[in-house]
Amino acid sequence: MMLSILNKFLRVTRKKGDEWKDVVFPQKKNTFLIKCLGLLVIFISLSIFWDKVGNAIPRINFLGGLINLLLIGLLIVFWLGTTYLSIKGYLALFKRNKSWIANNLAYMIGSLKLYDEEYFETTNKDKVVREKRITRVIRIKYKETDKHVFVRIMRDGDRFTSEATKLGENLESSLGLELDSTNQTVHYAEYVFLKHKDERIALDSTVTSVNDSDEIKITGNISYELHKVPHSLIVGGTGSGKSFFILGKIVSYLKLSPQADLRIIDPKKADLSLLRFVTGFENKVATEANQICRILRETVELMEQRYTDYFNDVSAFGKTYRDFGLPPVIIIFDEFSAFMHSVDKKVAKEALDYVFTLVMKGRQAGVMIEILMQRPSADDLPTNIRAQMGFKAGLGAMDSIGYNMIFDTNNVEYKTVIEKGGGYIQIDGKHTAPVYFETPYIDKEFDFIAEIENLMQGR
Ligand SMILES: Nc1ncnc2c1ncn2[C@@H]1O[C@H](COP(=O)(O)OP(=O)(O)OP(=O)(O)O)[C@@H](O)[C@H]1O
Ligand SMILES: [Mg+2]
């Protein structure tokens, strides 16, 4: 009985670890006395309890040797268990009061003067004493999970309301953690920190080697399953690392089993168009408007064909291309906006219609599209297409207007991206706001063409 109560108590204290807690400022002074008192109470109640149990032992003597021994054994185990649990519970309480997060945040409140003080006059033995008192303190809540620390600065309409959204850097240095993402509502500004720094990975480790898995790793902390997030958008100015990112992704896609069937569209005849020299890619690279429309049309037809062949009766209900062992078909469309601007309206409309059909219907049939462009412009990529892109990445230094356009939000703080291949990413089902990331690292010596050639030959 007592054991179960204690257990319940412990579970409650443990659960509180991932509940929101308030930062108290000024921090309560020495609670040493209270803690000593707590230990004394545990000690006394255990003594009384064990006195009673100890007295009960002689009374069960009549049950005979073996059973008696068993009962005493059980009681000793019970006694040890209860003592252990009470002390553990007590220590948990002890620890909670000393959260380093609360301490650091309280210190920040003090050092940034995020509180208001007023003078009060009191009379003490006929003397007027002026005394400073804290009348208002910024309200901060925090929560800790395995991987993250969440901090919410409440916006209560006082002078801290506008302050709340500008504390990213201060919080980062107070906590000594990397800011992962921010989120803002009328009621609070939320900052999410990584407890363990995310790590850039090397290209070799981007595909999970587990059979049947189509998990693509992007960084140490970020990965996604291709069939759940089929369509992607990658935006970044020149030199930001788009080509390296997509070439890396091509290598990952070719490592999947079954191997992905890729089609490349590169209207600027740049890096990607060189893939046409790789055996197996000859008819799958398009650089001219008519070829581009042909590849798009053929892929739409392939998608329709898959629906006719595999999804033609009720037995296909709830199934996807993976259930039929079909490879994912992925169109990689580089320089999308440049293409839209360089062709006449009729061709642009035709291409857009195909892209729209693919993003709307492709998921189940495993037909996907990955769009790359330099600037995120709503005119070039209509909202109805953009809304279907579950994977969005913005690379390189970009103003927040640019980033906000990619992620369809307007209340995120972005830090300046310095690293080559660094940027922000948001994957449906994984992130609720864009987070900073770096694309898989690729060595200068890495020979993409040779690697892709090898993978195409199944080597
Ligand atoms: N993941 C990476 N690993 C190592 N180096 C990288 C990475 N990403 C980018 N770089 C470096 O940055 C340079 C520019 O990257 P990249 O060619 O991919 O840019 P881009 O966005 O495709 O530019 P453009 O729009 O001009 O085609 C590369 O030549 C490389 O030196
Ligand atoms: Mg490029």
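We did not get these values from a lab; they are worked out from the coordinates using the rules stated. None of these values were measured; they are calculated from a predicted model. We place every Cβ from the backbone using ideal geometry, glycine too, and count neighbours over all the protein chains shown.
Among PRO376, LEU254, GLN426, whose Cα projects farthest towards the positive end of the dipole of the range 203-456, with charges put on the beta-carbon of Lys, Arg (+1) and Asp, Glu (-1)?
Farthest towards the positive pole: PRO376.
Taking the alpha-carbon distance from LYS88 and a cut-off under 18 Å, which lysines remain once sequence neighbours fewer than 8 residues away in the same chain are dropped?
Within the straight-line limit of under 18 Å, LYS88 reaches these lysines: LYS8, LYS15, LYS16, LYS35, LYS98.
At each listed q (0.16, 0.25, 0.27 Å⁻¹), what is the log10 of I(q)/I(0) that the Debye formula gives for the range 346-387 modelled as equal alpha-carbon point scatterers?
Log-scaled intensity ratios, in q order: -0.43, -0.97, -1.07.
In deg cm²/dmol, rounded to 500, what helix-only [θ] at 222 nm does the chain give when every DSSP H run of at least 4 residues adds -39500 (n - 2.57) and the total is split over its residues?
Rounded to the nearest 500, it is -13000 deg cm²/dmol.
For the chain, give the magnitude of the charge dipole about the Cα centre (Cβ charges: +1 Lys/Arg, -1 Asp/Glu; no others), in debye to the nearest 20.
2560
Which GluC sites (Glu not before Pro) in the range 243-309 pass both tests, a DSSP loop state and at most 16 other beta-carbon atoms within 10 Å?
Those satisfying the criteria are GLU282, GLU288.
What aspartates and glutamates does LYS415 reach when the alpha-carbon gap must be under 14 Å and sequence neighbours fewer than 8 apart in one chain are set aside?
Within the straight-line limit of under 14 Å, LYS415 reaches these aspartates and glutamates: GLU169, GLU172, GLU178, ASP180, ASP399, GLU438.
For the range 203-456, report the translational diffusion coefficient in µm²/s to the nearest whole number, using Stokes-Einstein at 25 °C, 0.890 mPa s, and a Kirkwood Rh over Cα pairs.
Approximately 132 µm²/s, per Stokes-Einstein.
About the Cα centre of the range 203-456, what is the dipole size in debye to 20, counting +1 per Lys and Arg Cβ and -1 per Asp and Glu Cβ, all else neutral?
Dipole size: approximately 400 debye.
Based on the alpha-carbon gyration tensor of the chain and its eigenvalue square roots a ≥ b ≥ c, which shape applies: rounded if a/c is under 1.5, prolate if not and a/b is larger than b/c, or oblate?
oblate
Can you find, among THR219, LEU39, GLY325, the residue sitting farthest towards the positive end of the charge dipole of the chain, where Lys and Arg contribute +1 and Asp and Glu -1 at Cβ?
Projecting each Cα onto the dipole axis, the largest value belongs to LEU39.
Can you give me the Cα centroid spacing of the range 413-459 and the range 123-185 in angstrom?
36
Short version: ³J(HN,Hα) in whole Hz for each residue of the range 188-199, in order, from phi by Karplus 6.51 cos²θ - 1.76 cosθ + 1.60 (θ = phi - 60°), x for Gly and Pro, what are they?
Karplus values, whole Hz, x for Gly and Pro: 7, 10, 10, 10, 10, 10, 8, 6, 10, 4, 6, 10.
Looking at the range 374-444, which trypsin sites (Lys or Arg not before Pro) are DSSP coil and have at most 12 other C-beta atoms within 10 Å of their C-beta?
Loop-located and lightly packed - LYS444.
Please sort by residue number the trypsin sites (Lys or Arg not before Pro) in the range 161-247 whose DSSP state is loop and whose Cβ has at most 14 other Cβ atoms within 10 Å.
When the trypsin sites (Lys or Arg not before Pro) of the range 161-247 are filtered for loop state and at most 14 Cβ neighbours within 10 Å, LYS195, LYS197 remain.
Using +1 on the beta carbon of Lys and Arg, -1 on that of Asp and Glu, and nothing else charged, what's the dipole of the range 136-266 about the Cα centre, debye to 20?
Roughly 400 debye, rounded to the nearest 20.
Looking only at the range 203-456, where both bridge partners belong to it, what percent of the DSSP beta bridges are antiparallel (to the nearest 5)?
40
Counting only chymotrypsin sites (Phe, Trp or Tyr not before Pro) that are in a DSSP loop and have at most 12 other C-beta atoms within 10 Å, tell me the longest site-free stretch of the chain.
21-316
Would you be so kind as to identify which of SER315, SER174, ASN290 lies farthest towards the positive end of the dipole of the chain, taking Lys and Arg as +1 and Asp and Glu as -1 on Cβ and the Cα centre as origin?
SER174
At q = 0.10, 0.15, 0.17, 0.22 Å⁻¹, work out log10 I(q)/I(0) for the range 337-459 with the Debye formula, treating every Cα as an identical point scatterer and leaving solvent out; two decimals please.
Relative scattering, expressed as log10 I(q)/I(0), comes to -0.42, -0.90, -1.07, -1.25.
Can you report the principal axis dimensions of the range 144-232 using only the alpha carbons, biggest first, rounded to whole angstrom?
55, 27, 21
Along the Cα→Cβ direction, 7 angstrom out, place labels at LYS415 and TYR115. What is the inter-label distance in nm?
Here the answer is 2.9 nm between the modelled labels.
Through the Karplus equation 6.51 cos²θ - 1.76 cosθ + 1.60, θ set to phi - 60°, convert the phi angles of the range 421-427 into ³J(HN,Hα) values in whole Hz; use x for Gly and Pro.
x, x, x, 10, 9, 9, 10
Expressed as an acute angle from 0 to 90° and rounded to the nearest 10, what is the orientation of the C-alpha long axis of helix 345-365 relative to the principal long axis of the chain?
50
Above 18 angstrom, tally the Cα pairs of the range 319-394 and express them as a % of all pairs, no decimals.
For the range 319-394, the share of Cα pairs beyond 18 Å comes to 42 percent.
Which log10 I(q)/I(0) values does the range 104-194 give at q = 0.12, 0.18, 0.21 Å⁻¹ under the Debye formula, counting every alpha carbon as one identical point scatterer?
Debye intensities relative to I(0), on a log10 scale: -0.45, -0.78, -0.99.
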